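Asks: The structure under discussion is supplied below as structure tokens; questions concerning it will follow.
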Amino acid sequence: LDLDKNKFQEFPKAVCHLDNLKILYFRGGSIHTIPNEIELLKNLRELAWKTDRKPKNISSNVRKLEKLQKLEFAYMETESQNSVENIAFPKEFCYIPHLKELKISTNKILQLPTEFENLQYLEGLTLE
């Protein structure tokens, strides 16, 4: 499901009821949370999430996405936002059990958390 360049302000929870969904793209929107209902996407294998708002309230239920193998996370502030505040890499992503590929594109993350070592199946890492 490609929801790139959408106008959503919140993660549409109706998406979480698509039982057979394997790929989900949210790039270019303002979604800054991942709800608890994300755990319902039992067959999700690939998630791309790019936001122009500081991420917050990322449900720990992302760790229940046992089939998720590829995650792309991007947070880019626009020039008008231009805050000096850095963000922490979402620790919740460090507990996705079978994650193999991780791409992080951001202009505000300075370090990875110690929990990053939990990504035992990680085969590919891209930092931009």
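The values are calculated or read from the model by the stated rules, or taken from the named source; none is laboratory data. Being a predicted model, the structure only gives us computed values, none of them experimental. In this analysis, Cβ positions are derived from the backbone assuming ideal geometry, glycine residues included, and neighbour counts consider all displayed protein chains. With ligands, DNA and RNA removed, areas are computed over all heavy atoms of the protein, side chains included. Shrake-Rupley method; radii C 1.70, N 1.55, O 1.52, S 1.80 Å.
Asks: Out of region 33-52, which residues are open to solvent by 70 Å² or more (accessible area, probe 1.4 Å) and either assigned to a strand (DSSP E or B) or within 19 Å of residue 105 (Cβ to Cβ) (or both)?
Replies: Hit for region 33-52 is 50, nothing else.
Asks: Scan region 119-126 and give yes if some residue there is of a type in the set (Ser, Thr, Tyr) and open to solvent by less than 80 Å² (accessible area, probe 1.4 Å), otherwise no.
Replies: yes
Asks: So residue 3 ticks every box in (1) in contact with a helix residue (DSSP H, G or I) (Cβ under 7 Å, 6 or more places away or on another chain); (2) open to solvent by 20 Å² or more (accessible area, probe 1.4 Å); (3) of a type in the set (A, V, I, L, M, F, W, C) but one. Which box is left unticked?
Replies: (1)
Residue-wise test of (1) in contact with a Phe, Trp or Tyr (Cβ under 9 Å, 6 or more places away or on another chain); (2) part of a loop (DSSP other than H, G, I, E, B); (3) over 19 Å from residue 109 (Cα atoms).
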position: 9; (1), (2), (3): no, yes, yes
position: 16; (1), (2), (3): no, no, yes
position: 20; (1), (2), (3): no, yes, yes
position: 24; (1), (2), (3): yes, no, yes
position: 31; (1), (2), (3): yes, yes, no
position: 54; (1), (2), (3): yes, yes, no
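Asks: Note down all Cβ pairs under 6 Å where the first residue falls in region 109-127 and is without any contact (Cβ under 8 Å) to a residue 40 or more places away in the chain, the second is among the charged types (D, E, K, R) and assigned to a strand (DSSP E or B), and they're at least six residues apart or on different chains.
Replies: Hits for this filter: 124/101; 126/103.
Asks: Still on this structure: Restricting to region 36-58, give me the number of residues that are touching a helix residue (DSSP H, G or I) at 6+ places or on another chain (Cβ under 7 Å) and modelled with pLDDT under 90.
Replies: Within region 36-58, residues that are touching a helix residue (DSSP H, G or I) at 6+ places or on another chain (Cβ under 7 Å) and modelled with pLDDT under 90 number 1.
Asks: Which pairs have Cβ atoms under 8 Å, sit 6 or more apart or on different chains, and link a residue in region 76-103 that is under 14 Å from residue 56 (Cβ atoms) and open to solvent by 70 Å² or more (accessible area, probe 1.4 Å) to one that is at pLDDT 90 or above and among the charged types (D, E, K, R)?
Replies: 91/115
Asks: Still on this model: Does residue 121 satisfy the condition of being hydroxyl-bearing (Ser, Thr, Tyr) and at pLDDT 95 or above?
Replies: Spelling it out, residue 121 is indeed hydroxyl-bearing (Ser, Thr, Tyr) and at pLDDT 95 or above.
Asks: Here is a further query. Kindly indicate whether residue 68 is closer than 24 Å to residue 14 by Cβ, outside any strand (DSSP E or B) and at pLDDT 85 or above.
Replies: Spelling it out, residue 68 is indeed closer than 24 Å to residue 14 by Cβ, outside any strand (DSSP E or B) and at pLDDT 85 or above.
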